[in-house]
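Everything below concerns the one structure shown next.
The values are calculated or read from the model by the stated rules, or taken from the named source; none is laboratory data. Remember, predicted model here, so these are calculated numbers, not experimental data. When we count neighbours, we look across all protein chains shown, and the Cβ atoms used for this are built from the backbone with ideal geometry, even at glycine.
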């Protein structure tokens, strides 16, 4: 941990696979016992900063079949280990992703994090806490995008006056503010519930957070692009970059449509009550 805090050790999280979509338990990568250690084989996709990480935390199946929620282990894999292949590329929001192949990667016993076969609970908790962090980042991006748009409405002139004086554009700006405040409230909820001990209730609330953050981000981004007109389509303008980041945040750990489905499967947001 001190090395991570000092920036001397960079970690990445490999949890998605080509077939898994947003299901954290869909793990085809295998981990088989080899004496006291383990041998990992499989693939991980869209690993954020996976091409520059020193070590990669990966999920691998110790037992059961591909979509079982039990039998999943979490392993710490050195990026320079024999059998690890990485292919890096830029992502839509300007960060880096990587496709990672594990070809009979040998690891010592201590590479296993937590309990063997019960790693999904650890992954769920980490993902829920990360969703709370991403919600805060998304609200910051939405707030900046909203302010950027308001400033443009005040300064851009058409027909001899600022376009912000037109009532229809004022209505859209007000709707953007409402959507922003809805997202802000859900980000606060996420921050409060990130440490909730009831895993089912925590996941229910985080799904609700993802739904609202995704929908608000999409509405604010699309509205900002429309109100800015042609300038918003240029790479030189900041607005488009905010929207790209918001779009990426929506897809991380399941987009809004996925989490609506999750909420339906759990009986709705207020099932616990």
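Conditions tested, residue by residue: (1) closer than 15 Å to residue 126 by Cα; (2) in contact with a strand residue (DSSP E or B) (Cβ under 9 Å, 6 or more places away or on another chain); (3) free of Cβ contacts under 8 Å to residues at least 40 places away in the same chain; (4) surrounded by fewer than 18 Cβ atoms within 10 Å (Cβ to Cβ).
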residue	(1), (2), (3), (4)
177	no, no, yes, yes
180	no, no, no, no
187	no, no, no, no
193	yes, no, no, no
197	yes, no, yes, yes
202	yes, no, no, no
208	no, no, no, no
216	no, no, no, no
Q. Does region 67-81 include one or more residues that are closer than 24 Å to residue 93 by Cβ and crowded, with 17+ Cβ neighbours inside 10 Å?
A. yes
**Q.** Criterion (assigned to a loop (DSSP other than H, G, I, E, B) and either over 21 Å from the mean Cα position of the chain (by Cα) or farther than 30 Å from residue 261 by Cβ (or both)) met by exactly one of 39, 27, 52
**A.** 52
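Looking only at region 246-273, which residues are outside any loop (DSSP other than H, G, I, E, B) and farther than 22 Å from residue 23 by Cα? So that I can check it myself, show each step before the final result.
Taking region 246-273 as the starting set, the residues that turn out to be outside any loop (DSSP other than H, G, I, E, B) are 246-251, 256-265.
Hits for region 246-273: nothing passes.
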Q) Is at least one residue of region 231-254 surrounded by fewer than 19 Cβ atoms within 10 Å (Cβ to Cβ), free of Cβ contacts under 8 Å to residues at least 12 places away in the same chain, under 20 Å from the mean Cα position of the chain (by Cα) and under 22 Å from residue 48 (Cα atoms)? A) yes
(Q) Condition (residue is within 29 Å of residue 256 (Cβ to Cβ), surrounded by fewer than 18 Cβ atoms within 10 Å (Cβ to Cβ), in contact with a strand residue (DSSP E or B) (Cβ under 9 Å, 6 or more places away or on another chain) and without any contact (Cβ under 8 Å) to a residue 40 or more places away in the chain) applied to region 89-101: is it met by at least one residue? (A) yes
Q: Could you tell me whether any residue of region 107-121 is in contact (Cβ under 8 Å) with a residue 12 or more places away in the chain, assigned to a helix (DSSP H, G or I) and touching a helix residue (DSSP H, G or I) at 6+ places or on another chain (Cβ under 8 Å)?
A: yes
Q) Within region 217-237, is there a residue that is modelled with pLDDT of 95 or more, in contact with a helix residue (DSSP H, G or I) (Cβ under 8 Å, 6 or more places away or on another chain) and either outside any helix (DSSP H, G or I) or assigned by TED's automatic domain parsing to the domain that holds residue 15 (or both)? A) no
Q.
Name the residue that is modelled with the lowest pLDDT, counting only residues in region 24-61 that are farther than 30 Å from residue 95 by Cα and touching a helix residue (DSSP H, G or I) at 6+ places or on another chain (Cβ under 8 Å).
A. 36
Q. Within the group 73, 7, which residue is under 24 Å from the mean Cα position of the chain (by Cα) and in contact (Cβ under 8 Å) with a residue 12 or more places away in the chain?
A. 73
